[in-house]
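Beneath this line is the structure, given in structure tokens, with notes to follow.
The values are calculated or read from the model by the stated rules, or taken from the named source; none is laboratory data. Keep in mind that this is a model prediction, so the values were computed, not measured. Virtual Cβ from ideal backbone geometry, glycine too; neighbours counted across all protein chains shown. Calculation scope for accessible area: heavy atoms of the full protein, side chains included, ligands and nucleic acids excluded. Shrake-Rupley method; radii C 1.70, N 1.55, O 1.52, S 1.80 Å.
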Amino acid sequence: KCTVYRKFHDSPVRALYENISVLIAHLTGEASRFHEKASTDALTGLNNRGSFEEKCGLEAKRCERLGVPMSLVLFDLDQFKEINDEQGHLVGDYCLKGFAKGLRIMSRGTDLLFRAGGDEFTALLVDADEAAADEYIQRIQGAVDRWNTDLEHPYPVHLAASAGGACLAEFQGDIKACLAEADRRMYANKRERKAGR
């Protein structure tokens, strides 16, 4: 009965406003989905290499603000090239997906997981010092050993992962230096595992 309400309700401006509001909501959702897709590795569903720098930088600042340690752990699948060359990329993809799934299961909700490229993976562990990173590495490597004994595999594969970790606090917040040390330790672990074979 209100004439002002009736004028507003029947106004083409109102219809335009509603259409614009719906369009903005739709575009916001699309932008969010696009950003998620752009930062996710299509094969494993983990974060991709491109998103590492941004997310790592944000987490490093947050950990510094909260006064908690943060560690980076690198994983490299041993003899992965041989798996691809001898059994094919389908088997290689199966191994990559299996390792990524194991990482997700064995990690905490606060840990950020990345496929750095090829057969290399990075875990960003929030509120974890070097001892916690070492424990995490043992946990993941144990999970890989158990994965190998699974009788349900459709392919005759044996997976192994070398790893190295470092705590960011040891490098005064220098992410590149921390990554370089984790990488050095990962390759040292790879040499040790190869010598012990």
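Here r is the Cβ-Cβ distance between E53 and R184 and R0 is 30 Å; the resulting FRET efficiency, rounded to 0.05, is 0.90.
Accessible surface computed residue by residue for segment 39-136, with neighbouring protein chains in place and a 1.4 Å probe, gives 49 Å² per residue. Solvent-accessible area of R115, all protein chains in place: 40 Å² (probe radius 1.4 Å, heavy atoms, ligands and nucleic acids excluded).
Please work out, to two decimal places, the log10 of the ratio I(q)/I(0) at q = 0.16, 0.25, 0.34 Å⁻¹ from a Debye calculation in which every Cα of segment 65-110 carries one identical scatterer. For segment 65-110 at q = 0.16, 0.25, 0.34 Å⁻¹, log10 I(q)/I(0) is -0.58, -0.96, -1.21. Note on segment 100-180: with neighbouring protein chains present and a 1.4 Å probe, carbon and sulfur make up 53 percent of its accessible heavy-atom surface. Sorting 56-62, 165-171 by their mean Cβ neighbour count within 10 Å, with the most densely packed peptide first, gives 165-171, 56-62. Across segment 110-197, the relative contact order, built from alpha-carbon pairs under 8 Å that are at least six residues apart, equals 21 percent. On the beta carbon distance between E18 and R62, with R0 = 35 Å, the FRET formula returns roughly 0.35. The calculated FRET efficiency for the pair A177 and L151, based on their C-beta separation and a Förster distance of 41 Å, comes to about 0.40. The tail of the calculated P(r) for segment 125-165, taken as Cα-Cα distances beyond 11 Å, holds 66 percent of the pairs. Bridging of K55 to aspartates and glutamates at a Cα separation below 17 Å is possible for E36, D41, E64, D111, D127, D174, once same-chain residues fewer than 8 apart are set aside.
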